[in-house]
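S.K.: One structure follows; several queries about it will come next.
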Amino acid sequence: MNKMIRTALALALLACASLVLLAPARAQSVYGSIFGTVTDKSGAAVPGATITVTDETKGTVFNVTSNASGDYNVPHLIPDVYDLKVEAKGFKNFETKSIQVSADTAPRIDPTMDVGGGTETVQVNADQQPNIKTDRADVATIFDQQQISSLPIGDQNFTNLQLLLPGAQKLGWSHAADENPQASQQIQVDGQAFGGTAFELDGTDNQDPILGIIVINPAMDAVTETKITTQNFDAELGKAVSAVVTAQTKSGTNKFHGSAYDFRTGNANLARDPYSQPAAGGLPAGLKNRFGGSIGGPIIRDRGFFFFNYEGQRQKVGTSASDTVPTAQLVSTCLGGSVGPSGIPGCDFSEYAQVYVGGKQLIYDNMPNASASDTAAFAKNVVPAHLVSPQAKALLTLMQKYAPKVAPGNGINSIENNYFGSGTGLFNSNQWTERVDFTLSEKAHAFERFSRFTDILSGAVLFGDAGGPGFGINNYGGNSAGANDSLASGMDIAINPKLLTDFRLAYYRYNVIDTKYDQSVAFATQLGIPGINTGSTFTSGAPGFEINAPFGGATSLIGAGLGINRCNCPLTEKEDQFQIVNNWTKEMGNHSFKVGVDLRYARNLRVPSDTDRAGQMNFQTGPTSNNGSDGLGWATFALGEVPSFGRYVSVSTNAKEFQKRTFFYGQDTWRATHNLTVNLGLRYEIYFPEKVN
């Protein structure tokens, strides 16, 4: 069976399975709709009734006519509050006000007409309509504008809305702050990977394909509603295995409206963490200020509207960090400033031997050309002075001012996690969104929206020139600047009362430039380590030094690296994507046919430093162990032995990737009876192989 036959069978099975979905696909990811059946008091259908739907805030009007079965459908409605009026010859007018229409939803209104004159009106409040969802079988949660503005969403972060879903769980880790400055949360829905959640903003793609996070994390004040669908989403929606998060930005109305807000939090009232913030160090100072506002109103009454939102953040990050540093005795003896209890010049590890093995032998001589005197020195837990690496001395010279802050005699605490510090980082961001809506005629509507997010992120490091954990957000140490953009525009057109089309043009850009805390400094060369800083910007700065303790003890982290100061530096990440979406809807009797295409062209330049382009050295216990037992990473470091070395290297730093992604779908909504709606849907996604320039 060839690939094409297997694909065809899979699609056929998908189509058959979708027959069991009892939900009319009358809404779109950007638009909503109102549908129902017009009947008289006896339950008989009222054909030819005129249904008029009016937007309460914008004044725009839409008209349709009920068919022979009394059914009607008003599609392509921008999310808002609407009034519905039904007129039919020989009957009193029927009117319902304040119908909330959301994107990708369709409230059902079934008018019951009373016999009478057209000058009389029967008014029914929309809140008296049934709350049972009759428009679809998807499993979804909708947050309207009031909920979004009123719910206590953590840190006013839009992605935290997912945590209000059943089956949603926040992961125990997160992307580094430099690559995720908008703090997009990594949340699993129904046990699926967080990257399996698709994000859409105004019906256009809003997900970074590399990290799987949101491109524009919109300000809560700019969002009018969001819908999170976890199962049975329409064929129009895809590129997801767990959930689809669709959000709509606000638009203007016939009246000017606006808002202003300011959230200010500090560290003054926070409790001290006794495990990472000792009483002597106190709580680091920190202040976070998130502020902004919005304004919207008419450009041309009943036709053109605008909306603008701005949100800024100014944060002084107060962070604590801890690490393992060499004891004062070890530094002094290694640098020749003193001689340890053994009386032998060199790095004296007697303190470590006392803590780890009760003063017995801890380090062993595994050097191939060691002399008898060297072996005797090792027997007293000393690395002789002539064997001490000059590069190790150079680094210890920088570390000697960072003496342990826990007094000796406190057991293993005097050796491991023996240095605490606190400091500050900086995070400044600016985000704004503008949107324009225009009703060209009763049959055509257009919109345009542009969003931009920029940020500057920095963090000092624990050991100054010698690196170590950072004091920025989530212990970030480095410097980063980002700029994300999202553009969406679209139009919906009623070709005739039974044929409608809509299209959207979109573009997004995800851009991060990340540098080390000591970028362009030949740090390894200054220490005398050859072959690390090769003269290019990408290989400059400090390498990483990971020094292991025996028996699974705490590792000392010095220098730079993703696992040391949470900085994937240097990093150049420039992703962008062009998108064209076109949908067609055809009403034929009690059938509503819909087909569409979604074409995307993505470009990506990502030059990372996951294992650090200046290299990462792991000083393990093996070279100074006794056939794998005991040994000490600091002794291996003193000898200049590097058992494990990793380095991220690429020939090119301009290898762009290009990919076409095409999605097609079709679905038929058949209202077989008043109580039975059958939805048949088919979707086909094609991801073309990537090409490289």
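Bear in mind these aren't lab numbers, they're just calculated from the coordinates by the rules spelled out. On a predicted model such as this, the values are computed, not experimentally measured, just so you know. All Cβ positions, even for glycine, are placed from backbone atoms using ideal geometry, and neighbour counts span all protein chains on display.
S.K.: Note down, for the chain, the three equivalent ellipsoid semi-axes (square root of 5 times each alpha carbon gyration tensor eigenvalue), biggest first, whole angstrom.
M.R.: Three semi-axes, in Å: 65, 25, 21.
S.K.: How far apart, in nm, are the 7 Å Cα→Cβ label points at residue 375 and residue 443?
M.R.: Reported label-point gap for residue 375 and residue 443 is 10.0 nm.
S.K.: Let me ask something additional. With Cβ to Cβ distances under 14 Å as the rule, what net charge do the other residues near residue 297 carry (K, R +1; D, E -1)?
M.R.: For residues surrounding residue 297, the net value is +3.
S.K.: Could you compute the net charge surrounding residue 641? Neighbours are other residues with a C-beta less than 15 Å from the C-beta of residue 641; K and R count +1, D and E count -1.
M.R.: -2
S.K.: Return the lysines within reach of residue 401: Cα separation strictly under 30 angstrom, same-chain partners fewer than 8 residues apart disregarded; answer none if there are no such residues.
M.R.: Within the straight-line cut-off, residue 401 pairs with 316, 360, 380, 393, 516.
S.K.: Rounded to the nearest 20 debye, what is the charge dipole size of the range 236-374 about its Cα centre when +1 sits on each Lys and Arg Cβ and -1 on each Asp and Glu Cβ?
M.R.: The calculated dipole for the range 236-374 is roughly 1260 debye.
S.K.: Given a Förster distance of 51 Å, report the FRET efficiency between residue 496 and residue 430 from their Cβ-Cβ distance, rounded to the nearest 0.05.
M.R.: 0.65
S.K.: Can you tell me which aspartates and glutamates have their Cα less than 15 Å from the Cα of residue 89? Leave out same-chain residues fewer than eight positions away.
M.R.: Straight-distance partners of residue 89: 40, 114, 120.
S.K.: Could you list 685, 351 so that the one with the fewest beta carbons within 10 Å of its beta carbon is first and the one with the most is last?
M.R.: Fewest-to-most ranking of 685, 351: 685, 351.
S.K.: Fewest Cβ neighbours within 10 Å first, please rank 348, 155 accordingly.
M.R.: Result, fewest neighbours first: 155, 348.
S.K.: While we're looking at this one, here's another question. Which value in nm describes the separation of the simple spin-label points at residue 139 and residue 271, placed 7 Å from the Cα toward the beta carbon?
M.R.: Distance between label points: 3.6 nm.
S.K.: What are the ³J(HN,Hα) couplings of the range 661-673, residue after residue, when phi is run through the Karplus curve with 6.51, -1.76, 1.60 and θ = phi - 60°? Round to Hz, x for glycine and proline.
M.R.: After applying 6.51 cos²θ - 1.76 cosθ + 1.60, I find 10, 10, 10, 10, 8, x, 8, 10, 10, 10, 8, 4, 9 Hz.
S.K.: Here's a follow-up. Which is farthest toward the positive dipole end of the range 512-665 among 608, 590, 567, measuring Cα position about the Cα centre, with Cβ charges +1 (Lys, Arg) and -1 (Asp, Glu)?
M.R.: After comparing all options, I get 590.
S.K.: Roughly speaking, what is the centre-to-centre gap between the range 425-439 and the range 182-247 when only Cα atoms are used, to the nearest Å?
M.R.: 19
S.K.: Shifting gears a bit: Please give the contour-minus-distance gain from residue 601 to residue 576: 0.36 nm per residue of separation, less the Cα-Cα distance, rounded to one decimal in nm.
M.R.: Length difference between fully extended and current span is 8.1 nm.
S.K.: Exposure proxy check: 249, 333, 515 ranked by fewest other beta carbons within 10 Å?
M.R.: The order, fewest Cβ neighbours first, is 515, 249, 333.
S.K.: While we're here: Taking the Cα centre as origin and putting +1 on Lys and Arg beta-carbons and -1 on Asp and Glu beta-carbons, what dipole magnitude results for the chain, to the nearest 20 debye?
M.R.: Charge dipole, the chain, about its Cα centre: 440 debye, nearest 20.
S.K.: For the Cα atoms of the chain, what angle does the longest principal axis make with the long axis of helix 3-17, in degrees from 0 to 90, nearest 10?
M.R.: Computed tilt is about 60 degrees.
S.K.: In degrees, nearest 10, range 0 to 90: what is the angle between the Cα axis of helix 390-399 and the longest Cα principal axis of the chain?
M.R.: That works out to roughly 60 degrees.
S.K.: Give me the net charge of residue 361's neighbourhood, meaning all other residues with Cβ under 9 Å from the Cβ of residue 361; Lys, Arg count +1, Asp, Glu -1.
M.R.: +1
S.K.: Once label points are set 7 Å from the Cα along Cα→Cβ at both residue 629 and residue 50, what is their separation, rounded to one decimal in nm?
M.R.: 9.8
S.K.: Can you tell me how much longer the chain between residue 654 and residue 674 gets when fully stretched, taken as 0.36 nm per residue apart minus their C-alpha distance, in nm with one decimal?
M.R.: Value of the extension gain: 1.2 nm.
S.K.: Another question, then. By how many nm would the segment from residue 526 to residue 401 lengthen if fully extended, with 0.36 nm per residue of separation less the alpha-carbon distance?
M.R.: 43.2 nm
S.K.: Let me ask something else about it. Cα centroid distance between the range 81-96 and the range 553-590, in Å?
M.R.: So the separation of the two Cα centres works out to 49 Å.
S.K.: Still on this structure, please answer the following. What's the ranking of 34-44, 645-655 by average number of surrounding C-beta atoms within 10 Å, highest first?
M.R.: 34-44, 645-655
S.K.: Based on the Cβ-Cβ distance from residue 328 to residue 645, what FRET efficiency comes out when R0 is 30 Å, to the nearest 0.05?
M.R.: Approximately 0.55, to the nearest 0.05.
S.K.: Using a Förster distance of 41 Å, how high is the FRET efficiency between residue 354 and residue 285, based on the Cβ-Cβ distance and rounded to 0.05?
M.R.: 0.60
S.K.: So what's the back-of-envelope 222 nm ellipticity for the chain, counting only DSSP H runs of four-plus at -39500 (n - 2.57) apiece and dividing by all residues, rounded to 500?
M.R.: Helix contribution divided over all residues of the chain: -2500 deg cm²/dmol.
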